[in-house]
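Asker: Dropping the structure in here first, questions after.
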């Protein structure tokens, strides 16, 4: 097991404000250390806390500890939480696969969508956004691992979809997102991140991204992701504590599309 692949059972469940502050400080220290190893400035790396399965009362406590943005995989869960916590200044990011019939829900509450994996989804989001006059920051999700179970555009199709996204004027394409391979093979994980860096550079050369963001890394591999160039790490269990719900419930198989 690498230094970055820590088991969920080692994550302390945060209940109080002090718990959250302690967990956040530990995660930020790990971010800073990873950045320092490759000569990066930790301030350029955004920490996106992932609150999937976390009940509203604990999210309120997390906000009191200083968390102002939350990532959620399931649209219905995120929509419910956004409504229940509307009195708080939370910036919601949807990071899970989207069915086109849920686009109207995302547009209603989300500030960011990190899982754009088809032009059908782009069209659905843009159509819902047009009457509102709002824009939405989006990341194109890339299947960098080649695993059949994962959603995302295949690497050789990324440039093609990026070239067509300017047609959807309400979408601000700010970067690329990926889930690395689920493995203890550090070299394979790093290769996923290398692929993403290469795609970003190609996209920036054609001016296809409004920003060069790379959303890479979760609780188990975010340090490797930072060493690999990530500008946004999506961290849930290391902040909130271990989940009893399996990841497969939140990162569905392609067959459930």
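The values are calculated or read from the model by the stated rules, or taken from the named source; none is laboratory data. The structure presented is a predicted model; accordingly, all values stated were derived computationally and were not measured. Every residue, glycine as well, gets a Cβ built from its backbone with ideal geometry; the counts of neighbours run over all protein chains shown.
Asker: Sort out which residues of the stretch 100-143 are in a loop (DSSP other than H, G, I, E, B), at pLDDT 95 or above and farther than 10 Å from residue 171 by Cα, and write them in order of number.
Answerer: Passing the criteria: 110, 111, 117, 118, 143.
Asker: While we're on this one: Between 135, 152, which is buried (at least 19 other Cβ atoms within 10 Å of the Cβ) and touching a strand residue (DSSP E or B) at 6+ places or on another chain (Cβ under 8 Å)?
Answerer: 152
Asker: On the given criteria, is residue 35 more than 14 Å from residue 240 (Cα to Cα) and either surrounded by 14 or more Cβ atoms within 10 Å (Cβ to Cβ) or modelled with pLDDT of 95 or more (or both)?
Answerer: In short, yes.
Asker: Show me the helices (runs of 4 or more DSSP H) entirely contained within the stretch 15-92 in which 2 or more residues are under 18 Å from the mean Cα position of the chain (by Cα) and farther than 30 Å from residue 103 by Cα.
Answerer: Once the helices (runs of 4 or more DSSP H) in the stretch 15-92 are filtered for at least 2 residues that are under 18 Å from the mean Cα position of the chain (by Cα) and farther than 30 Å from residue 103 by Cα, what remains is 17-37.
Asker: Now for a separate question. Does residue 195 fit the bill of being in contact with a helix residue (DSSP H, G or I) (Cβ under 7 Å, 6 or more places away or on another chain), in a helix (DSSP H, G or I) and surrounded by fewer than 22 Cβ atoms within 10 Å (Cβ to Cβ)?
Answerer: Spelling it out, residue 195 is indeed in contact with a helix residue (DSSP H, G or I) (Cβ under 7 Å, 6 or more places away or on another chain), in a helix (DSSP H, G or I) and surrounded by fewer than 22 Cβ atoms within 10 Å (Cβ to Cβ).
Asker: If I ask for residues that are over 14 Å from the mean Cα position of the chain (by Cα) and touching a residue at least 40 places away in the same chain (Cβ under 8 Å), which ones from the stretch 197-221 would you list?
Answerer: 199, 202, 203, 206, 208, 209, listed by residue number.
Asker: While we're on this one: Looking at this structure, is residue 181 in contact (Cβ under 8 Å) with a residue 24 or more places away in the chain and either under 18 Å from the mean Cα position of the chain (by Cα) or under 21 Å from residue 43 (Cβ atoms) (or both)?
Answerer: yes
Asker: Among the residues of the stretch 144-156, is any part of a strand (DSSP E or B) and either modelled with pLDDT of 95 or more or on the phi > 0 side of the Ramachandran plot (or both)?
Answerer: There is at least one residue in the stretch 144-156 that is part of a strand (DSSP E or B) and either modelled with pLDDT of 95 or more or on the phi > 0 side of the Ramachandran plot (or both).
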